[in-house]
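Visitor: Encoded as structure tokens, here's the structure I'll be asking about.
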Protein chains: 2
Amino acid sequence: MGNLLIGQSGGATAVINASLAGAVQEALRSDQIDGIYGALHGIEGVLKRQIIDLRQESDETWSRVLATPSAALGSCRYKLQPEDPARALEVLRALNVRYFLYIGGNDSADTAHRLALAAREADYDLRVIAIPKTIDNDLPITDHCPGYGSAARFIALATMDSALCTEAIPHHYPVKVIEVMGRDAGWLAAASALGKERPEDAPHLIYTPERPFSRERFLAAVREVQQAVGYVIIVATETIRDEQGQSLGAAFAQGTDAFAHPLVSGTAQHLVELVKTELGLRARFDKPGDLQRMSSVAVSGMDRDEAALVGRMAVRYALQGVSNKMVTLERQPGPDYACETGLADLEAIANAQKLLPDHFLDAAGTGVTRAFYDYALPLIGEALPKHVRLNRIRA
Amino acid sequence: MGNLLIGQSGGATAVINASLAGAVQEALRSDQIDGIYGALHGIEGVLKRQIIDLRQESDETWSRVLATPSAALGSCRYKLQPEDPARALEVLRALNVRYFLYIGGNDSADTAHRLALAAREADYDLRVIAIPKTIDNDLPITDHCPGYGSAARFIALATMDSALCTEAIPHHYPVKVIEVMGRDAGWLAAASALGKERPEDAPHLIYTPERPFSRERFLAAVREVQQAVGYVIIVATETIRDEQGQSLGAAFAQGTDAFAHPLVSGTAQHLVELVKTELGLRARFDKPGDLQRMSSVAVSGMDRDEAALVGRMAVRYALQGVSNKMVTLERQPGPDYACETGLADLEAIANAQKLLPDHFLDAAGTGVTRAFYDYALPLIGEALPKHVRLNRIRA
């Protein structure tokens with residue numbers, strides 16, 4: 001018998017609460033777990049002893065948390081200081097916490113790993129399990145990350161819908177840039193193509209951090225699409241860099257985060273200015289911002305189910321004695337999509353990144369391949385709506 | 001017997017096609033209407049004789065058009081030149097068009113009005129009916145405009161969802177600006193409050209074009225909310241102006257449209273810079289852009305139904321001999337929301353604007369009143385989701 005503590009970390013997502021609810025509901029079913037605690041704002045809440053009693057919340061609350069976007073415990077972006085693991089361990093020991101679950105991405109896996117090492121060093125029996133979460137989909141080993149499917153669904157829908165607006169009146173603003181998230185990886189930018197059916201459909205040009213951005217190739221491609229299709233929908237990751245490694249958004253950069261990751265937000269503005277100045281075409285941009293991580297109306301049912309699954313399985317693995325691991329999703333072979341869970345070493349997850357593989361991008365690097373559709377379509381849940389077009393037979 | 005011609009004009013919306021489908025379905029039921037034609041890209045299609053035969057489209061297509069965002073006929077933003085009404089009339093006469101329906105906002109009503117006058121002057125029997133459409137909700141006389149309810153629903157949801165993201169991790173970026181559309185009127189900015197339940201919920205500060213923006217009052221209000229709530233969600237119309245009438249977005253302005261309306265898009269960026277520079281707080285912005293007009297996942301069922309209704313009624317009024325009018329929505333007295341249609345002179349609609357009335361904004365001008373909720377909640381369709389929060393009882 002021992003107590004369980006769970007925390008949420010990093011940028012919130014539309015389904016990070018499904019992992020929380022899944023874990024708590026599983027813990028409530030176990031007779032090996034006594035107290036079920038939540039750390040407010042992740043590891044910061046541990047260090048500040050801001051711990052709440054999750055047994056005090058009703059069953060109905062957990063059902064509703066399952067369907068509520070964002071982090072119900074509060075989240076954090078805090079980089080552990082050298083003395084922090086020992087301090088955190090003190091708090092866990094005082095609360096007799098024997099199971100520590102941490103929902104997050106790369107940086108959060110690093111935090112969990114250090115805590116596991118500190119416990120081992122102190123010979124304190126603690127099972128540490130990380131639960132994957134990131135819209136960026138950039139964790140290694142796991143097939144994909146809960147949170148990505150819903151954000152991908154949002155971006156696919158946003159691209160379809162916003163492009164229809166430009167298609168209806170292309171001469172007004174023939175060029176539109178949609179700026180999407182994705183630290184060093186273009187998974188979300190690639191997802192913008194998931195609703196594309198015909199070559200002339202949006203998105204026409206996708207720019208990801210995996211490929212250096214060339215101003216000349218960009219301008220030539222925009223001109224070419226504008227002439228062929230009549231309008232151009234460009235989807236760009238906010239962190240794309242030029243051939244010298246210089247961020248396009250640098251002019252409008254907003255500093256760095258606690259992990260020294262640059263916070264860049266001027267990429268769309270930069271591309272719009274380029275198009276206006278160099279091509280003389282009217283251009284504007286959409287920047288969905290936090291909405292892409294959190295939209296309650298674009299949640300993928302598959303993503304939510306899997307987020308709950310990795311939460312439940314984290315509890316089961318911990319009860320089985322597993323520690324210092326992250327739960328992974330393993331895609332099963334066969335014609336129909338199915339995932340089972342597995343385990344990966346936290347050390348292999350911490351601070352590592354999985355970029356878009358080459359075979360998911362086409363030769364020009366501005367479109368995605370069939371292999372990407374096969375990979376990503378099952379993750380975004382039910383089929384995207386089909387927008388109808390008139391046959392337009394002349395009178 | 002005569003032919004009917006319909007066109008779509010101005011910025012597309014999520015339900016402008018419902019008006020098209022409603023009108024065509026009604027026309028198909030009438031034995032007084034022979035040809036049913038569509039003008040591609042509104043009045044531009046008339047002038048260029050780009051006219052399609054809508055009887056060639058299947059019944060199934062019209063059912064699907066009803067549920068497809070954007071303008072299936074294509075839209076335009078074209079200001080009539082002095083010789084255009086006579087030229088357009090020539091085209092209508094050649095096609096024996098006796099019913100001309102035009103779906104759009106203020107500028108489109110002006111176009112329809114000029115065409116009606118030209119027909120009268122030429123003694124050509126033409127019935128001209130405008131069908132209201134604008135997410136800006138700024139047409140006079142009508143209770144509200146189809147397109148607004150869905151855009152308002154999108155903005156209400158976006159504010160709820162995006163705010164949860166900031167609430168989860170307020171110390172990361174304590175200030176967020178959400179930039180919304182609305183030429184000279186703050187109807188959409190006001191709609192951001194429709195999901196607000198508690199005083200501490202987002203949005204905390206709403207800035208509309210109806211109130212001159214004061215930099216000093218803004219900074220004081222942001223500081224006050226930040227201290228009281230821990231984070232600040234600001235919703236600002238892209239066209240807000242300072243006390244000298246100067247647009248805040250001027251530094252990033254993108255020119256003017258065909259009607260000499262300024263195209264402004266730098267307001268959020270400007271507010272973010274102000275907060276960072278003057279208050280030293282980290283701030284960022286979401287700019288949903290065209291997505292707010294077009295999101296297929298935030299359509300209001302009520303808005304779609306009413307858009308189809310004004311389309312159907314336009315055909316009926318035309319068949320009754322009405323001309324030079326716009327269909328209006330008239331809210332009926334009584335405890336339950338209900339609208340019937342009415343008629344307004346096109347001249348009274350053309351180039352006029354209905355701003356947010358004073359009693360919909362609170363004393364500070366940065367919040368909305370109960371009267372606004374009573375007005376707007378029925379327009380956004382089914383109830384907004386309720387996001388659950390934990391009780392957070394300390395362990």
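Please treat every number below as a calculation from the coordinates, not as lab data. Model, not experiment: these values are computed from the prediction. Ideal geometry is used to build each Cβ from the backbone, glycine not excepted, and the neighbour counts take in all protein chains shown.
Visitor: Report ³J(HN,Hα) in whole Hz for each residue of the stretch B:332-338, in order, from the Karplus equation J = 6.51 cos²θ - 1.76 cosθ + 1.60 where θ = phi - 60°; Gly and Pro get x.
Guide: The phi angles translate into 8, x, x, x, 9, 5, 7 Hz.
Visitor: Let me ask something else about it. Hey, with R₀ at 30 Å, roughly what FRET efficiency would A:ARG198 and A:HIS359 work out to, going by the Cβ-Cβ distance, to 0.05?
Guide: Details: r = 23 Å, r/R0 = 0.76.
FRET efficiency, A:ARG198 to A:HIS359: 0.85.
Visitor: Normalised by the residues of chain B, what does the relative contact order come to in percent, with Cα pairs under 8 Å and at least six apart? Walk me through the numbers on the way to the answer.
Guide: Values: 892 pairs, mean separation 85.5, N = 395.
Relative contact order comes out at 22 percent.
Visitor: Going through the cross-link list A:LYS48/A:LYS133; A:LYS354/B:LYS176; B:LYS196/B:LYS354; A:LYS79/A:LYS325; A:LYS276/B:LYS133; A:LYS79/B:LYS287, which pairs have a Cα-Cα distance over 27 Å in this structure?
Guide: Cα-Cα > 27 Å for A:LYS354/B:LYS176; A:LYS276/B:LYS133; A:LYS79/B:LYS287; rest within.
Visitor: Taking amide H atoms as placed 1.01 Å from N in the peptide plane, list the residues 5 or more away in sequence, or in a different chain, whose amide H sits under 5 Å from that of B:LEU80.
Guide: none
Visitor: Next question. Averaging sequence separations of C-alpha pairs under 8 Å and six or more residues apart, then dividing by the length of the stretch A:8-110, give the relative contact order as a whole percent. Display every interim value, and only then the final one.
Guide: Values: 139 pairs, mean separation 43.7, N = 103.
Normalised by residue count, the contact order of the stretch A:8-110 is 42 percent.
Visitor: Hey, fewest Cβ within 10 Å first, where do A:THR237, B:THR13 land in order? Mind showing how you got there, number by number?
Guide: Details: A:THR237 30, B:THR13 35.
Ranked by crowding around the Cβ, least crowded first: A:THR237, B:THR13.
Visitor: Fewest Cβ neighbours within 10 Å first, please rank B:ASP290, B:ASP305, A:ASP59, A:ASP110 accordingly. Write out the running numbers ahead of the final one.
Guide: On the way: B:ASP290 24, B:ASP305 17, A:ASP59 9, A:ASP110 21.
The fewest-first ordering by Cβ neighbours comes to A:ASP59, B:ASP305, A:ASP110, B:ASP290.
Visitor: Let me ask another. Decide, for the stretch A:32-92, between rounded, prolate and oblate: order the square roots of the alpha carbon gyration tensor eigenvalues as a ≥ b ≥ c, take rounded if a/c falls under 1.5, and otherwise choose prolate if a/b is larger than b/c, else oblate.
Guide: Verdict is oblate for the stretch A:32-92.
Visitor: Please identify the trypsin sites (Lys or Arg not before Pro) of the stretch A:1-66 that satisfy two criteria: DSSP loop assignment and at most 16 other Cβ atoms within 10 Å. Which are they? Present the calculation step by step, with values, prior to reporting the outcome.
Guide: Details: sites: A:ARG29, A:LYS48, A:ARG49, A:ARG55, A:ARG64; in loops: A:LYS48, A:ARG49.
Here the sparse-neighbourhood loop sites are A:LYS48, A:ARG49.
Visitor: Counting only residues 5 or more places away or on other chains, whose amide H sits under 5 Å from the amide H of A:VAL177 once H atoms are built in the peptide plane?
Guide: Excluding prolines and chain starts, which carry no amide H, the hits are A:ILE234, A:ARG284, A:PHE285, A:ASP286.
Visitor: In addition: Select from chain B the helices, each a whole stretch of DSSP H, whose alpha-carbon atoms run 24 Å or more along the helix axis and whose Kyte-Doolittle mean is at least 0.0; answer none if there are none. Walk me through the numbers before you get to the answer.
Guide: Numbers: long enough: B:148-168 (30 Å, 0.66); B:301-319 (28 Å, 0.05).
Once both thresholds are applied, what remains is B:148-168, B:301-319.
Visitor: Within the set of other residues whose C-beta is less than 12 Å from the C-beta of A:VAL225, count the net charge using Lys and Arg as +1 and Asp and Glu as -1.
Guide: -1
Visitor: May I pose another question? Let me know the charge dipole size of the protein assembly as shown about its Cα centre in debye, to the nearest 20, where only the beta-carbon of Lys, Arg (+1) and Asp, Glu (-1) is charged.
Guide: The dipole magnitude comes to about 180 debye.
Visitor: Say a site is exposed when it is one of the GluC sites (Glu not before Pro), sits in a DSSP loop, and has at most 13 other Cβ atoms within 10 Å; what is then the longest site-free stretch of chain B?
Guide: Here the longest run is B:244-381.
Visitor: Further question: Select from B:VAL272, B:TYR78, B:GLN292 the residue farthest towards the positive end of the dipole of chain B; place +1 on Cβ of Lys and Arg, -1 on Cβ of Asp and Glu, and compute about the Cα centre.
Guide: Farthest towards the positive end: B:VAL272.
Visitor: Once every DSSP H run of n ≥ 4 in chain A is given -39500 (n - 2.57) and the sum is divided by its residues, what mean residue ellipticity at 222 nm do you get, rounded to the nearest 500 deg cm²/dmol?
Guide: -10500 deg cm²/dmol
Visitor: If the convex hull of the alpha-carbon atoms of chain A is projected onto planes in all directions, what is the mean projected area in square nanometres?
Guide: Values: hull surface 84.8 nm².
So the Cα hull casts an average projection of 21.2 nm².
Visitor: Under a 5 Å amide H to amide H cut-off, with H placed in plane at 1.01 Å, what residues pair with B:ILE6 once short-range neighbours are removed?
Guide: Amide H to amide H, under 5 Å and 5 or more residues apart or across chains, B:ILE6 pairs with B:TYR37, B:GLY38, B:ALA39, B:LEU101.
Visitor: Once you list every other residue whose beta carbon is under 13 Å from the beta carbon of A:LEU66, what net charge do they have if Lys and Arg are +1 and Asp and Glu are -1?
Guide: -4
Visitor: Considering Cα pairs under 8 angstrom that are at least six residues apart, work out the relative contact order of the stretch B:263-369 and quote it in whole percent.
Guide: 12 percent
Visitor: Taking the Cα centre of the stretch A:1-123 as origin, work out the dipole magnitude from +1 charges on Lys and Arg Cβ and -1 charges on Asp and Glu Cβ, in debye rounded to 20.
Guide: 200 debye
Visitor: First check a/c for the stretch A:4-54, with a ≥ b ≥ c the square roots of the eigenvalues of its C-alpha gyration tensor; if it is under 1.5, answer rounded, and if not, answer prolate when a/b is larger than b/c or oblate otherwise. Don't skip to the end; give the middle numbers.
Guide: Values: a/c = 3.12, a/b = 1.19, b/c = 2.61.
Verdict is oblate for the stretch A:4-54.
Visitor: Expressed as a whole number of Å, what is the distance separating the alpha-carbon centroids of the stretch B:174-237 and the stretch B:1-18?
Guide: So the two Cα centres are separated by 35 Å.
Visitor: Of the candidates B:GLN81, B:GLN25, B:GLN246, which one comes out as most mobile in a Gaussian network treatment of chain B with C-alpha springs shorter than 10 Å?
Guide: So, out of B:GLN81, B:GLN25, B:GLN246, the one fluctuating most is B:GLN81.
Visitor: Taking the alpha-carbon centroid of each part, what is the distance from the stretch A:50-70 to the stretch B:271-295 in angstrom?
Guide: Taking the Cα centre of each part, the stretch A:50-70 and the stretch B:271-295 sit 31 Å apart.
Visitor: Turning to a different aspect of this structure: Could you tell me the calculated FRET efficiency between A:GLN332 and A:LYS386, based on Cβ-Cβ distance and R0 = 30 angstrom, to the nearest 0.05? Let's see the in-between values first.
Guide: Details: r = 29 Å, r/R0 = 0.96.
FRET efficiency, A:GLN332 to A:LYS386: 0.55.
Visitor: For every other residue with a beta carbon closer than 12 angstrom to the beta carbon of A:ASP34, add +1 if it is Lys or Arg and -1 if Asp or Glu, then tell me the sum. Provide the component values of the computation, followed by the final result.
Guide: Values: positive: A:ARG55, A:ARG98; negative: A:ASP31, A:ASP53.
Net local charge, A:ASP34 excluded: 0.
Visitor: By its C-alpha gyration tensor, with a ≥ b ≥ c as the square roots of the eigenvalues, how is the protein assembly as shown shaped: rounded for a/c under 1.5, else prolate for a/b larger than b/c, else oblate?
Guide: Prolate is the answer for the protein assembly as shown, as a/c is 1.5 or above and a/b outweighs b/c.
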